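The values are calculated or read from the model by the stated rules, or taken from the named source; none is laboratory data. Since the model is a prediction, treat every value here as computed from it, not as a measurement. Here Cβ is always computed from backbone atoms with ideal geometry, including for glycine, and neighbour counts include all displayed protein chains.
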Amino acid sequence: MRVELEIWRQASQTAKGAFERHVVDDATPEMSLMELLDRLNDQIVGQGDEAIQFESDCREGVCGACGVTVNDDPHGPVPNTPSCRQHLRSFGEVRKLRIEPLRSGAFPVIRDLVVDRSSLDRVIRAGGHVDVAAGTAPGADSLRIPYEEAELSLDFAACIGCGACVAACPNGSAHLFGGSKLAHLALIPHGEQERGRRAEAITETLDAEFGPCSTYGECVKVCPAGIPLSAVAAVHKERLRGVFRGRDN
Amino acid sequence: MPSDTVMAMTELKEAAARSQRRAPSSFALKQVMAITGIIFVAFVVIHMIGNLKVYAGEDSFNTYAAWLREVGYPLIPKQGILWALRVTLAVSLVLHMASAITLWARGRRARGRHRRRGMKGFSATSARAMLPGGVVIFVFIVVHLLDLTIGAIVQSGTYQGPEADGTVHAYANLVASFSRPWMAIFYALTMVIIAFHVEHGLRTVLQDLGATGRRFRKLWTILGGIVALAIVLGNAAIPILVLTGVIA
Ligand code: HEM
Ligand code: FES
């Protein structure tokens, strides 16, 4: 099948970008967005031009490396699905795709469809980890966590860090991302001695590099991990808890 | 210098350039939004319940209006509670608006040059309406005070302020004001806007005050919808009923 594409090309972070038109005549319904771009790149390189740069790694929805905006939707038209798992067969009659990078002030374009998502890494560096000397592994029964809480915590830990929530947000907020870390870590005893400090560090980084949340609810529509909107509430829940406690834990 | 050190330094410099520590923090501003927002919702609901006295007739409504001016007396001076409320609401309004505009500007800056396009759905639409809706509400507050409290510029031809002996003409003023179609329509439409503002606002309060419980969030959301609906039904009905001659 024939697919008409408009693809964002940008030579460097400082260069001015623009859309470039391409046509892929031999696309198939089984192709994912990444495979479509591969096919297009074969074509472009065959003509002796520079391949379109885009990111992907696992191509099975677990790594979070992929992520492009398709017809204004971060990741593409299928809700809650990473770009690498979006196939042309699910796009209905749509045969014209405008593909551009994940857009946000915190995600400067490095080249073409590749953006710098290190702002998310800085949230993790600020507090998305357990920062204690772990020693040897404790006995399996010495640290008891109720099943329900462990499951809930793991639901929040499912975030793959793709950044689509930020690109979906008209405010450029990363509360869904930061909140998923906070909710995940608040539900388990590991690192509870730094719970307050972690909330402060993450909230400050979110404030400094991203926008505020106004409950547009766009982030949860694109999140490939299905993180719920209550993760956003977890940001302020944890921060308020820290403010009232006034201690590290 | 080894090249990875240079890389690390460049990264840090870029991060510093992009990140801005700002005071007050967005976290603090959101707390202000939530607290002042709740104060407004409480006020709007109580005000609406008071307005329902209009259905009990002129005397009932005027007695209520007069009571507001001396509630708490003799423990508290006449109009004491009234003025305490006015000051609280005025301060809240300034804080609510200043925070709203600051947060809106920060959101735009954080998003950067490429705006989000193609948003559909109820939540996104009502979120987008918050600031424009808020501006309409502000204009309404000014008009409403001039019309029925102060009696200036936009008041009806027969407006009468409170008498020295405590008699008020609230009912007559209200009927006279809403007999002007454009004024009645402006009041009714503003109530619809307030309802959407409150519905979305109360859902945002959940996020801002950090309510994560699944059942509580559901309950609160339903309650917010009911409150919003009550504001429209209770308030907007009054100008429409005056306009259609049911209340006279
Ligand atoms: C009857 C008067 C009003 C009521 C009952 C009301 C209520 C609320 C509530 C409950 C919220 C949610 C607060 C939060 O947790 O963030 C809110 C948010 C908001 N209000 Fe109001 N408000 C009123 C007047 C105004 C006015 C006059 C403005 C004018 C600029 C305004 C602008 C906003 C904006 C922009 C937000 C969204 C903030 C955000 O989510 O980023 N409001 N309002
Ligand atoms: S490439 Fe790994 S999630 Fe898409």
Scope the stretch A:214-249; condition more than 7 Å from every other protein chain (Cβ to nearest Cβ), part of a helix (DSSP H, G or I) and among the aliphatic types (A, V, I, L, M); matching residues: A:Val220, A:Val222, A:Ala231, A:Val235, A:Val243
Pair list, Cβ < 8 Å and 6+ apart or interchain, from the stretch A:58-72 residues that are in the same structural domain as A:Leu36 (by TED's automatic domain parsing) to residues that are within 16 Å of ligand 1 (Cβ to nearest atom) and modelled with pLDDT of 95 or more: A:Asp72/B:Arg116
Top-ranked residue in the stretch B:191-216 [being more than 9 Å from chain A (Cβ to nearest Cβ) and more than 23 Å from B:His144 (Cα to Cα); ranked as nearest to the chain's Cα centre (by Cα)]: B:Leu202
Members of the stretch B:30-51 that are under 9 Å from the mean Cα position of the chain (by Cα) and under 21 Å from B:Val242 (Cα atoms): B:Val44
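With the condition kept exactly as written, say whether any residue in the stretch B:114-123 is closer than 30 Å to B:Trp182 by Cβ, at pLDDT 95 or above and not β-branched (Val, Ile, Thr).
Going through the stretch B:114-123, the residues closer than 30 Å to B:Trp182 by Cβ turn out to be B:122.
Add one more test, that the residue is at pLDDT 95 or above, and what stays is B:122.
If we keep only those that are not β-branched (Val, Ile, Thr) too, we end up with B:122.
Yes, because at least one residue in the stretch B:114-123 is closer than 30 Å to B:Trp182 by Cβ, at pLDDT 95 or above and not β-branched (Val, Ile, Thr).
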Some residue of the stretch A:6-25 being within 23 Å of B:Arg115 (Cβ to Cβ), more than 16 Å from ligand 1 (Cβ to nearest atom), β-branched (Val, Ile, Thr) and surrounded by fewer than 17 Cβ atoms within 10 Å (Cβ to Cβ): yes
Leading residue by the ranking (nearest to the other protein chains (Cβ to nearest Cβ)) among those in the stretch A:82-124 that are within 17 Å of the chain's Cα centre (by Cα) and without any contact (Cβ under 8 Å) to a residue 40 or more places away in the chain: A:Ser118
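Taking helices (runs of 4 or more DSSP H) that fall entirely within the stretch B:108-188, which contain at least 3 residues that are surrounded by fewer than 18 Cβ atoms within 10 Å (Cβ to Cβ) and of a type in the set (A, V, I, L, M)?
Values: elements: B:122-128, B:130-144, B:170-178.
Passing ranges, in order: B:130-144.
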Given (1) within 14 Å of chain A (Cβ to nearest Cβ); (2) without any contact (Cβ under 8 Å) to a residue 12 or more places away in the chain; (3) not small (Gly, Ala, Ser), index of the condition B:Trp104 fails: (2)
Number of the exception - A:Thr69 against (1) touching a strand residue (DSSP E or B) at 6+ places or on another chain (Cβ under 7 Å); (2) within 16 Å of ligand 2 (Cβ to nearest atom); (3) assigned to a loop (DSSP other than H, G, I, E, B): (3)
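Does any residue of the stretch A:184-204 turn out to be in contact (Cβ under 8 Å) with a residue 40 or more places away in the chain, facing chain B (nearest Cβ under 8 Å) and either of a type in the set (Lys, Arg) or closer than 23 Å to A:Thr81 by Cα (or both)? Write out each step before concluding.
Here is the first cut: in the stretch A:184-204, the ones in contact (Cβ under 8 Å) with a residue 40 or more places away in the chain are A:185-186, A:188-202, A:204.
Remaining after also requiring facing chain B (nearest Cβ under 8 Å): A:204.
With either of a type in the set (Lys, Arg) or closer than 23 Å to A:Thr81 by Cα (or both) added as a condition, the list becomes none.
No: zero hits.
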